[in-house]
């Protein structure tokens, strides 16, 4: 009996050695891979409708973030209305920001369009502060560089900052505009 037990164990070890470990999928080349992080997690706090805080005599604005195309892109639609002031007529600014995944890239990318004809290409950079996101434009010879930041103050409040660095001086960002915004309450 003892000999039969050893023969069975030897047979089992031989079979397992020939068969080898369980096969891995072809899609991962046979190497174990960790699941990639969900790139949308860091921007998902922005999903919803937002309104700027402030007085009507200094202007007003709203924006919304929505996932579209089956969750493949995040779209921001935004507007700001400014009253007439000394030497300036009242005007409205509208813009669109499309955030998307670039194949083979770890960072999300974005492209911005506005009613004044501006087009800005951004990449999402991980900020030093937890809970916010920063979009940084690609540097271009002879053009300013732009930084658009959303600092999460709470689940229902953000601070939005838009900054510009002069051409050739990417470290010298200066504020262009900043606003505190809160999540719109359902009607």
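In the stretch 133-150, the qualifying residues are those that are free of Cβ contacts under 8 Å to residues at least 24 places away in the same chain and crowded, with 17+ Cβ neighbours inside 10 Å, and the one that is nearest to the chain's Cα centre (by Cα) is 134.
Just one of (1) at pLDDT below 95; (2) under 25 Å from residue 184 (Cβ atoms) fails for residue 86. It is (2). Could you go through the stretch 147-155 and let me know if any residue there is farther than 21 Å from residue 60 by Cα and outside any strand (DSSP E or B). For the stretch 147-155, residues farther than 21 Å from residue 60 by Cα and outside any strand (DSSP E or B): present. Checked against the criterion of being touching a strand residue (DSSP E or B) at 6+ places or on another chain (Cβ under 8 Å), under 27 Å from residue 39 (Cα atoms) and in a strand (DSSP E or B), the stretch 168-178 has at least one qualifying residue.
Selection within the stretch 116-132: residues that are closer than 29 Å to residue 155 by Cβ and not in a loop (DSSP other than H, G, I, E, B). The member of this set that is farthest from the chain's Cα centre (by Cα) is 120.
Report whether or not residue 54 is surrounded by 11 or more Cβ atoms within 10 Å (Cβ to Cβ) and part of a loop (DSSP other than H, G, I, E, B). Considered against the rule, which asks whether it is surrounded by 11 or more Cβ atoms within 10 Å (Cβ to Cβ) and part of a loop (DSSP other than H, G, I, E, B), residue 54 comes out as yes. For the stretch 67-105, the set of residues classified as under 12 Å from the mean Cα position of the chain (by Cα) and either surrounded by 15 or more Cβ atoms within 10 Å (Cβ to Cβ) or part of a strand (DSSP E or B) (or both) consists of 67, 73, 74, 75, 76, 97, 98, 99, 100, 101, listed by residue number. Has the stretch 117-126 got at least one residue that is touching a residue at least 40 places away in the same chain (Cβ under 8 Å) and loosely packed, with under 13 Cβ neighbours inside 10 Å? There is at least one residue in the stretch 117-126 that is touching a residue at least 40 places away in the same chain (Cβ under 8 Å) and loosely packed, with under 13 Cβ neighbours inside 10 Å. Looking only at residues of the stretch 152-170 that are within 16 Å of the chain's Cα centre (by Cα) and under 17 Å from residue 78 (Cα atoms), we find that the one that is surrounded by the most Cβ atoms within 10 Å (Cβ to Cβ) is 158. In contact (Cβ under 8 Å) with a residue 12 or more places away in the chain, exposed (fewer than 15 other Cβ atoms within 10 Å of the Cβ) and assigned to a strand (DSSP E or B), is that true of residue 113? Taking the combined requirement at face value, the residue satisfies it.
The values are calculated or read from the model by the stated rules, or taken from the named source; none is laboratory data. None of these values were measured; they are calculated from a predicted model. Glycine also receives a Cβ, built like all others from the backbone with ideal geometry; neighbour counts cover every protein chain displayed.
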